[in-house]
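Colleague: Next up is a structure, given as structure tokens.
The values are calculated or read from the model by the stated rules, or taken from the named source; none is laboratory data. Computed from a prediction, not measured in an experiment: that's the story for all the values here. Because the Cβ atoms are built from the backbone with ideal geometry, glycine has one as well, and the counts that use them run over all protein chains shown. For the accessible areas, the whole protein counts, side chains as well, though only heavy atoms, and no ligand, DNA or RNA atoms are used. Shrake-Rupley method; radii C 1.70, N 1.55, O 1.52, S 1.80 Å.
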Amino acid sequence: MLQEKTGKRVVVLKKIKKMITIDETLIQRFKNKIKKENGCWLWTSTLNWKGYGRFMICQNGLTYQPHAHRVSYLIHYGNIPKVMTVHHKCHNKKCVNPEHLELKTNLENIMEGNCWSAVNARKTHCIYGHPFSDENTFLYFKYKNGKNYRIRGCRECRILYHRNWRLKKKTRIK
């Protein structure tokens, strides 16, 4: 929302649902914490434990510390819809270049990353080379460390495993 009389924009921070005013002093403070390098705008100030930049905003007697890349998106493009996250196209956590930022759903953001769930979802074949097709794939749940995990399995490998297990069992009985 652009307020014409004051020349300030008011945006909502998603996670804490608070209104902040983006004015020239805030933008200048933000720009002072950026170092441009190889097309990326690297955040030089505080980082959180995951490596994402943090930017402190003190307004209306309250202090907020949102991610720096989210503040960059707010400054350059405006509000972020509640169901969307800000994704780094360059996969650099310190980058706040608005050209490298785009909105994605949380699932899309996770699937473009390199976490184990995204890596496993991109697999097209099991470890023995059988394809993960609709006919050859089944889902099962595994309970581990207090959590349920959905696991994709290969039907051919399951058939071979049980066939070998039955053969071993028969040879032990004789």
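Colleague: Here are several values of Kirkwood radius over Cα pairs in Å: [x] 18.5; [y] 22.5; [z] 20.1. Which one was derived from the coordinates shown?
Modeller: [z]
Colleague: What accessible surface, in Å², does a 1.4 Å probe find on I80, ignoring ligands, DNA and RNA and rounding to the nearest 10?
Modeller: About 20 Å², ignoring ligands and nucleic acids.
Colleague: Given only helices, namely DSSP H runs of n ≥ 4 each adding -39500 (n - 2.57), what is the per-residue ellipticity at 222 nm of the chain, to the nearest 500 deg cm²/dmol?
Modeller: Numbers: 5 runs with 49 residues, N = 174.
Here the helix-only value at 222 nm equals -8000 deg cm²/dmol.
Colleague: Leaving ligands, DNA and RNA out of it, rank H69, H100 by accessible area with a 1.4 Å probe, largest first. The partial results should precede the final answer.
Modeller: Working: H69 15, H100 40 Å².
Sorted descending by solvent-accessible area, the residues read H100, H69.
Colleague: All other residues with a Cβ under 13 Å from the Cβ of C40 taken together, and with Lys, Arg as +1 and Asp, Glu as -1, what is their net charge?
Modeller: Values: positive: K35, K36, K89, K93, K94; negative: E37, E99.
Here the count lands on +3.
Colleague: Might you tell me the accessible area per residue for the chain, computed with a 1.4 Å probe and given in Å²?
Modeller: Working: 12650 Å² over 174 residues.
Result: 73 Å² of accessible area for each residue.
Colleague: Search the structure for amide H atoms under 5 Å from the amide H of Y52, placed 1.01 Å from N in the peptide plane, and list their residues when 5 or more places away or on another chain.
Modeller: Under 5 Å from the amide H of Y52: no residue qualifies.
Colleague: Treating only the Cβ of Lys, Arg, Asp and Glu as charged (+1, +1, -1, -1), what charge dipole size does the chain show about its Cα centre? Round to the nearest 20 debye. Numbers along the way, then the final one.
Modeller: Details: 36 positive and 11 negative charges, 294 e Å.
Computed about the Cα centre, the dipole is about 1420 debye.
Colleague: Here's something else I'd like to know. Do you know the Lys pair count in segment 81-167 for C-alpha distances under 29 Å, with sequence separation 8 or more or different chains?
Modeller: Number of lysine pairs found: 16.
Colleague: To check my understanding: the extent here is largest minus smallest coordinate of the Cα atoms along each principal axis. What are those three numbers for segment 105-174, in Å, largest first?
Modeller: For segment 105-174, the Cα spread along each principal axis is 58, 30, 19 Å.
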